[in-house]
Each structure stands twice: as C-alpha cells, then as structure tokens.
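**Student:** What follows is a structure written as structure tokens; I'll ask about it next.
Please treat every number below as a calculation from the coordinates, not as lab data. All of these numbers come straight from a predicted model, not from anything done at the bench. Every residue, glycine as well, gets a Cβ built from its backbone with ideal geometry; the counts of neighbours run over all protein chains shown.
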C-alpha cells in the first residue's frame, strides 16, 4: 500500500535537527571554503587536521571490532581517509584547481542538502531500508537534481552535467556505504565531533567517496581544467 503523504506534524518532527545542522554548517562551511580559497599550506593543514580527526574516530569505531580483525580494520581506515585526502590535495594544487574542488564540494553538499530536504518533505518508498531506513527514493532523486543544478551554477557549462551527476551519485553511494558500516558495527554515528551531524565520517562520507572519482575525471579530461572539459 502506498505511503500516505506526511502530515504537518510529521514534517516538523522530521526536521527537528535542522537548526543544529544549520548552525554547524554555518561554522564549518566558511572554514572549509576559506582554506580552499587560500590554498597552499592552509589547505594542506586543514586536510591533515581532518585526516587526524577521521583516524581518531576510526580508532574509536575499532572498539566494536574483534581484536584479531582490528589491525586490518585500522589499515582500511587509513586508506579510506588518505586516498580522498591525497585526491583533494592534488586537485587543489593543479593550475585552476580551485574551481575543480569548489565544484566537487558544492555538488556533494547540495546533493546532501537536497536529499535531506526532499526526502523529509516528500517521503515515499525507502531507498535502502536494510541499510539506512531514513533515506528515500525521492530524496535520492531530489539530491541528484539539486546537486547537478548547483554544480552547473559553479561551472556555467552544460558539459558539467555528466561529471556533476557522477559525483552526486557516488557521494550518495558513499553515504550508504558508511551507513552500512555503522549498522554492521551497531553504532548510530561515527562520533560526536559535529553537533547535529555526528562525527566527521558522518559529514564527510560523500566527499570521501567522490574526491577520488573527481580526480579520475580530471585526469580523463586530458589533464585539463576544469574537470568537466
């Protein structure tokens, strides 16, 4: 039987954490964009700090792993965080790399915001109920559309539609992968680093998945800038 449209009360409850999420974003987004705009050592320091924070959270998650498998789990965490970090450093360091990383971040962020907003408002069939009961098909489609549209505003070129769609889809897949990991470990959040968002992995899962893909797209664009050339 189709799910009935959410009532106003249900919508209010669905957005109960919106204020805290917005406040956290209002602090973190300017820091990230400022470091990105500055580039060089400032961007590198931010990436190193994020890597350290991610490893701290991953070490905490390892407590839910049996001792024999813990070294492999820790090594997987290093790869999980280091490869995207290297991709972000490489992308920014290229001539004109500022626009590439900005495009990547805007698509991922707006995909996340769009999926959250559309999914909470529209509801409907669940996207992957066994992995993340809160995610809906409407949210995934809404996130894709809004993420690609935001990327087009940055790129100002229709050639950015395909790379934007790829990055948006991969970022949502990264979100689902992190949700599957947390479900397997029996935890709700990767940590409590960011109010309203949980841990750094909870906030950066989409970027971690999409950054290496963006680097590959940049290479496929004959090393050109921007990555949608």
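**Student:** Which parts of segment 147-179 would a label at residue 76 reach, counting a residue when its backbone N lies under 12 Å from a point 7 Å out along Cα-to-Cβ?
**Tutor:** Inside the label zone: 178.
**Student:** I'd like to know how segment 38-131 sits against the 2.2 N^0.38 Å rule of thumb: what's its Cα Rg over that expected value?
**Tutor:** Against the compact-globule rule of thumb, the ratio is 1.41.
**Student:** Quick check: pseudo-label points 7 Å beyond the Cα along Cα→Cβ at residue 161 and residue 44, how many nm apart are they?
**Tutor:** 4.0 nm
**Student:** Please work out how much length the chain gains when fully extended from residue 64 to residue 177, using 0.36 nm per residue of separation minus the C-alpha to C-alpha distance, in nm with one decimal.
**Tutor:** Here the segment from residue 64 to residue 177 would lengthen by 39.0 nm.
**Student:** Let me ask you something else. If we restrict to alpha carbons, what Rg and Dmax does segment 25-220 come to, in Å?
**Tutor:** Computed over the Cα atoms of segment 25-220, radius of gyration and Dmax are 16.5, 51 Å.
**Student:** Given R₀ = 41 Å, what would the calculated FRET efficiency be for residue 52 paired with residue 128, taking r from the Cβ atoms and rounding to 0.05?
**Tutor:** Calculated value: 0.85.
**Student:** Can you give the FRET efficiency for residue 121 and residue 33, using 1/(1 + (r/R0)^6), R0 = 25 Å, r = Cβ-Cβ distance, to the nearest 0.05?
**Tutor:** The calculated FRET efficiency here is 0.40.
**Student:** Given segment 116-229 reduced to its alpha-carbon atoms as identical point scatterers, what log10 I(q)/I(0) does the Debye formula return at q = 0.16, 0.21, 0.23 Å⁻¹?
**Tutor:** Treating every Cα as an identical point scatterer, log10 I(q)/I(0) equals -0.81, -1.17, -1.27.
**Student:** What is the Cα radius of gyration of segment 78-159 over 2.2 N^0.38 Å, N being its residue count?
**Tutor:** Taking the Cα Rg and dividing by 2.2 N^0.38 Å, one obtains 1.30.
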